[in-house]
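All remarks here apply to the structure that follows.
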């Protein structure tokens, strides 16, 4: 009898371990598919960002060029007060140029955590373009539906210290492998930001969400709506774009 | 009588001095931060410690006119508080160094503005001069030194407009100042209100409007009366009546602003204790004077008793004399004390030459306060102590026995 119980416990334990390993493998596979959809060698896109403040809403349009995860240039196109302002990211450094002051200013340290133009995005949010699989380990924590779509809920835990959000929860479309919702948490477990992603479209050979609503949970505004109006992946971008000379 | 007069004079002067110094510490908070009353939007008031300029008052000019009409005796000062990044360029215009700054935008250039005086400017200027034109600012000396910047140098202020957009504005350092508080000296900037309005897209807007009562030191009852009248409609203007209630202006007294109620109680308690101790000490001195005066007249009382004068009459006459001397001495002492208080209140004691480093938060000139109490406080030691001292000394009158009296008087 004792031997039977021991054998049963062993089978159960092994089964659980196998199940856990399978789930981790599944989570990693899902995350890799998400990376394939969201990451690219380079891309050029135009977008509008509508910031719903506590009192007013304002829309800013911009054009961005990015290469890999370390180089990006954004030029603000409107409104007139912001037009001509450029932001350049090279490695882990960020510069902003504004024609009104004719100055190039480097943003560093804690300033990177500040809001960009009063939006719910920080400079860090805009700069961090690393593949999720490079930064996080994942596990499947639930299967659910969201907005009528079947989703797999992944819990991501940072494997490195240089991340803005040590823990994330991600609702991933089980068919298109695009996140439909993201929740970013501090190490303490406090919810810092929530992103809802909509209008997933087939662009070139990937699925890509073209409308995102960011909400900084520590702010009282109405969130920031980020809409991609056009995007091109893996195209040729001239070398000079990613140099400080392109700022002026 | 001279002793009583001196005692009353010292009591009056030191009372008003203690009140003045304590009142100055409250006044400093009023000048820098709270005003005697402050007008902000309801939403701003809830997060006032963050200076949320996106919740600032709009239609400030209309509101200011209404406030000036409703409360003509008061001085109203719109201000903008902000946080930003000061970026110091090298010769090529690249970032040489940068640091966060806390900023005050006040009416520095307006004709007849009392704001420079409230900030103890230009006494607190370490290098350079006061701003004389738009685009010139004052910077904390420590911040300027840290980035090897000084008068004539330029820097860029990088901040956020009222709507949340970027703002980059180049300013010239007109002078550097010492605030006298470590946090502010590490990074603070003082600029003209119009410059800040242009930089932060706050035309006809202000984060707060500070109101200053026409009294030297903060008067909570008077401030509350102003708030009551404002709530009843005085000074609230027509231009803001259509605004969303969330952004409607509300008026708050200094005593109702964060941490100030405790500070008022603390200042009141400290000044009360100091005044009590001083009046007590002075009372003991004058009581002792009265006591000694009574005892010196021991022989006189003996003769008067021997001549058949009633003991009660002698005692009452002693008290009357004490009352008259105390009253005349107190009136004289109070008069001279009040004159001194008025003179020094007007002129002030200038300690700045004794201080190695004058700063905005440590006023170089201190003044005694003029309050109703200076007209009667001198009578406490002057009259009451004299009466008490003589009353105690006079108790001996009733203990004198006629049989021993002749022996004492060697008759």
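The values are calculated or read from the model by the stated rules, or taken from the named source; none is laboratory data. This one's a predicted model, so the numbers in the text were calculated from it and none came from an experiment. For neighbour counting, all protein chains shown are included, and Cβ atoms are generated from backbone atoms with ideal geometry for every residue, glycine included.
Return yes when residue A:62 is within 14 Å of chain B (Cβ to nearest Cβ), under 18 Å from the mean Cα position of the chain (by Cα) and outside any helix (DSSP H, G or I) and no when it is not.
Yes; evaluated as a whole, the condition is true for this residue.
For residue A:141, all conditions in the list (1) within 12 Å of chain B (Cβ to nearest Cβ); (2) more than 16 Å from the chain's Cα centre (by Cα) hold save one; what is the number of the exception?
(1)
Of all residues in the range B:253-271, which are in a helix (DSSP H, G or I) and surrounded by 13 or more Cβ atoms within 10 Å (Cβ to Cβ)?
Within the range B:253-271, B:254, B:255, B:256, B:260, B:261, B:263, B:264, B:266, B:267, B:268, B:270, B:271 qualify.
Given the residues B:280, B:323, B:286, B:292, which is the only one that is on the phi < 0 side of the Ramachandran plot, buried (at least 17 other Cβ atoms within 10 Å of the Cβ) and assigned to a helix (DSSP H, G or I)?
Details: B:280 fails: buried (at least 17 other Cβ atoms within 10 Å of the Cβ); B:323 fails: buried (at least 17 other Cβ atoms within 10 Å of the Cβ); B:292 fails: buried (at least 17 other Cβ atoms within 10 Å of the Cβ).
Among B:280, B:323, B:286, B:292, only B:286 is on the phi < 0 side of the Ramachandran plot, buried (at least 17 other Cβ atoms within 10 Å of the Cβ) and assigned to a helix (DSSP H, G or I).
Which count do you get for residues in the range A:103-129 that are touching a residue at least 24 places away in the same chain (Cβ under 8 Å) and facing chain B (nearest Cβ under 8 Å)?
5
Of (1) away from every other protein chain (no Cβ under 14 Å); (2) surrounded by 14 or more Cβ atoms within 10 Å (Cβ to Cβ); (3) farther than 21 Å from residue A:70 by Cβ, residue A:135 satisfies all except one. Which?
Looking at each condition in turn, residue A:135 falls short on (3).
Kindly list the number of the only condition in (1) under 28 Å from residue A:25 (Cα atoms); (2) out of contact with any strand residue (DSSP E or B) (no Cβ under 6 Å at 6 or more places or on another chain); (3) not in a strand (DSSP E or B) that fails for residue A:145.
So the condition that residue A:145 fails would be (3).
Residues of the range B:74-92 being surrounded by 15 or more Cβ atoms within 10 Å (Cβ to Cβ) and within 13 Å of another protein chain (Cβ to nearest Cβ), which ones?
B:83, B:84, B:85, B:86, B:87, B:88, B:89
Quick one: is residue A:206 surrounded by 13 or more Cβ atoms within 10 Å (Cβ to Cβ), touching a helix residue (DSSP H, G or I) at 6+ places or on another chain (Cβ under 6 Å) and under 17 Å from residue A:45 (Cβ atoms)?
Answer is yes for this residue.
What's the number of the condition residue A:217 fails, among (1) over 22 Å from residue A:56 (Cβ atoms); (2) surrounded by fewer than 17 Cβ atoms within 10 Å (Cβ to Cβ)?
Against the list (1) over 22 Å from residue A:56 (Cβ atoms); (2) surrounded by fewer than 17 Cβ atoms within 10 Å (Cβ to Cβ), residue A:217 comes up short only on (1).
I'd like to check something: does the range B:114-125 contain any residue that is in contact (Cβ under 8 Å) with a residue 40 or more places away in the chain, more than 14 Å from chain A (Cβ to nearest Cβ) and farther than 30 Å from residue B:223 by Cβ?
yes
Do you know which residues across the range B:148-188 are part of a strand (DSSP E or B), in contact with a helix residue (DSSP H, G or I) (Cβ under 8 Å, 6 or more places away or on another chain) and away from chain A (no Cβ under 14 Å)?
B:173, B:176, B:177, B:188, listed by residue number.
Would you mind stating whether residue A:161 is in contact (Cβ under 8 Å) with a residue 12 or more places away in the chain, more than 28 Å from residue A:47 (Cα to Cα) and more than 16 Å from the chain's Cα centre (by Cα)?
No, not satisfied.
Which of the residues that make up the range A:89-123 are part of a helix (DSSP H, G or I), surrounded by fewer than 16 Cβ atoms within 10 Å (Cβ to Cβ) and within 18 Å of the chain's Cα centre (by Cα)?
Hit for the range A:89-123 is A:113, nothing else.
Among the numbered criteria (1) at the interface with chain B (Cβ under 8 Å from one of its Cβ atoms); (2) modelled with pLDDT of 85 or more; (3) touching a strand residue (DSSP E or B) at 6+ places or on another chain (Cβ under 6 Å), which one does residue A:88 miss?
Failing condition for residue A:88: (1).
Is it the case that some residue within the range B:35-49 is away from chain A (no Cβ under 14 Å), surrounded by fewer than 18 Cβ atoms within 10 Å (Cβ to Cβ) and touching a residue at least 40 places away in the same chain (Cβ under 8 Å)?
Within the range B:35-49 (the criterion being away from chain A (no Cβ under 14 Å), surrounded by fewer than 18 Cβ atoms within 10 Å (Cβ to Cβ) and touching a residue at least 40 places away in the same chain (Cβ under 8 Å)), the answer is yes, since at least one residue qualifies.
Would you confirm whether or not the range A:165-178 contains a residue that is within 30 Å of residue A:97 (Cα to Cα) and surrounded by 16 or more Cβ atoms within 10 Å (Cβ to Cβ)?
yes
Kindly establish whether residue B:107 is in contact (Cβ under 8 Å) with a residue 60 or more places away in the chain and either more than 14 Å from every other protein chain (Cβ to nearest Cβ) or surrounded by fewer than 20 Cβ atoms within 10 Å (Cβ to Cβ) (or both).
Numbers: in contact (Cβ under 8 Å) with a residue 60 or more places away in the chain: yes; either more than 14 Å from every other protein chain (Cβ to nearest Cβ) or surrounded by fewer than 20 Cβ atoms within 10 Å (Cβ to Cβ) (or both): yes.
Yes, satisfied.
Can you report the number of residues in the range B:190-214 which are in contact with a helix residue (DSSP H, G or I) (Cβ under 7 Å, 6 or more places away or on another chain) and assigned to a helix (DSSP H, G or I)?
0
Do the conditions hold for residue A:78, that is, is it away from chain B (no Cβ under 14 Å) and at pLDDT 90 or above?
no
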